[in-house]
Amino acid sequence: MGGDVFDYALGPTSASFVVLDATGHDLAAGLASAAGLAAYRNARRNGKGLFEQAESVHRTLEAQFGGSVYATAVFGELDTTTGRLRYLVAGHPSPLVMRRGHVVKKLASGRRPLLGLEMRTGVTLGEEHLEPGDTIVLYTDGIPEARDAEGRTFGLPRLVDVLERESAQGIPLPEIVDRLVRAVMQHQDDVLQDDATLLLVQWTTEGQALLEPGRAR
């Protein structure tokens, strides 16, 4: 309803993924996210890289909605043999890196404007070399901006706290996702104000990756 979508694909030596959030909270946002997702899948399946994937989504939104709807997104590709992560962030919250149970950094490179806005020159891909067991945390703004009855946001510090607390207990990734989604819903008294999407991408061992998505509904 609020325009969130995610997608991923596992290949012999790579994991490709995207989280996309169209502006608005209505049918137009849902249509924009569906169009953007179709454009992404088409580009990815035709062997296009991250720049081309983002540009394909950008051109599709621009052509279909004429500047009335935009989207934020994170595009990523993980080499599962080496742990090299390449990513592009289009106006979206920066992904987090969780290592040995702690969030150690934001992925602040590889940024470009919102999809549907003209792309600026000089954009470069971000790159991060992961260690086995590292988890990339991708989320939409519906998680940190979730508000309780008194208007207090869930916030990024609370998101980090839940991730670290549950990870410290050795809980499997799917259960961490479920508990975080429940925490976001409880903060809002079980009344969802915006789509809230979470995607965890973990490089488990050389040659393997685990992707665990979750959505508040």
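The values are calculated or read from the model by the stated rules, or taken from the named source; none is laboratory data. Since the structure is predicted, the reported quantities are computational estimates derived from the model, not experimental observations. Cβ: placed from backbone, ideal geometry, glycine included. Neighbour counts: every protein chain shown. Accessible surface is based on the protein model in full, side chains and every heavy atom, while ligands, DNA and RNA are left aside. Shrake-Rupley method; radii C 1.70, N 1.55, O 1.52, S 1.80 Å.
Taking the range 132-149, which residues are open to solvent by 70 Å² or more (accessible area, probe 1.4 Å), in a loop (DSSP other than H, G, I, E, B) and either among the polar types (S, T, N, Q) or within 27 Å of Gly101 (Cα to Cα) (or both)? Passing the criteria: Pro132, Glu145. Applying the condition of being open to solvent by 60 Å² or more (accessible area, probe 1.4 Å) and among the polar types (S, T, N, Q) to the range 154-212 and asking which residue is modelled with the highest pLDDT yields Gln186.
Among the residues of the range 4-15, write down those that are surrounded by fewer than 21 Cβ atoms within 10 Å (Cβ to Cβ), of a type outside the set (Ser, Thr, Tyr) and either assigned to a strand (DSSP E or B) or under 14 Å from the mean Cα position of the chain (by Cα) (or both).
First, pick out the residues of the range 4-15 that are surrounded by fewer than 21 Cβ atoms within 10 Å (Cβ to Cβ): 7-14.
Those left that are additionally of a type outside the set (Ser, Thr, Tyr): 7, 9-12.
If the condition is that a residue be surrounded by fewer than 21 Cβ atoms within 10 Å (Cβ to Cβ), of a type outside the set (Ser, Thr, Tyr) and either assigned to a strand (DSSP E or B) or under 14 Å from the mean Cα position of the chain (by Cα) (or both), then Asp7, Ala9, Leu10 are the ones that fit.
Could you tell me which of the residues Asp194, Asp189 is closer than 25 Å to Gly24 by Cβ and touching a His at 6+ places or on another chain (Cβ under 9 Å)?
Working: Asp189 fails: touching a His at 6+ places or on another chain (Cβ under 9 Å).
Going through Asp194, Asp189 in turn, just one is closer than 25 Å to Gly24 by Cβ and touching a His at 6+ places or on another chain (Cβ under 9 Å): Asp194.
With the structure loaded, tell me whether Leu180 is more than 16 Å from Asp21 (Cα to Cα) and either in contact with a Ser or Thr (Cβ under 7 Å, 6 or more places away or on another chain) or of a type in the set (Lys, Arg) (or both) or whether it fails that test. Let's see the steps before the verdict.
On the way: more than 16 Å from Asp21 (Cα to Cα): yes; either in contact with a Ser or Thr (Cβ under 7 Å, 6 or more places away or on another chain) or of a type in the set (Lys, Arg) (or both): no.
So Leu180 fails the test.
Scanning the range 50-62 for any residue that is in contact with a helix residue (DSSP H, G or I) (Cβ under 6 Å, 6 or more places away or on another chain), over 30 Å from Pro132 (Cα atoms), open to solvent by less than 30 Å² (accessible area, probe 1.4 Å) and free of Cβ contacts under 8 Å to residues at least 40 places away in the same chain turns up at least one such residue. I'd like to check something: does the range 95-110 contain any residue that is crowded, with 19+ Cβ neighbours inside 10 Å and of a type in the set (D, E, K, R)? For the range 95-110, residues crowded, with 19+ Cβ neighbours inside 10 Å and of a type in the set (D, E, K, R): absent.
Within the range 71-86, if we keep just the residues that are surrounded by 24 or more Cβ atoms within 10 Å (Cβ to Cβ) and in contact with a helix residue (DSSP H, G or I) (Cβ under 8 Å, 6 or more places away or on another chain), the residue that is nearest to Thr197 (Cα to Cα) turns out to be Ala73.
So that you can scan it fast, the table gives a plain yes or no per residue for (1) touching a residue at least 60 places away in the same chain (Cβ under 8 Å); (2) charged (D, E, K, R):
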| position | (1), (2) |
| --- | --- |
| His102 | yes, no |
| His129 | no, no |
| Gly133 | yes, no |
| Val137 | yes, no |
| Asp148 | no, yes |
| Thr153 | no, no |
| Pro157 | no, no |
| Asp161 | no, yes |
| Arg165 | no, yes |
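Scan the range 111-131 residue by residue and report those that are open to solvent by 60 Å² or more (accessible area, probe 1.4 Å) and either among the charged types (D, E, K, R) or modelled with pLDDT of 95 or more (or both). Passing the criteria: Arg111, Glu118, Arg120, Glu127, His129, Glu131. Inside the range 16-45, residues that are exposed (fewer than 15 other Cβ atoms within 10 Å of the Cβ) and either modelled with pLDDT under 85 or touching a Lys or Arg at 6+ places or on another chain (Cβ under 7 Å) (or both) make up a count of 2.
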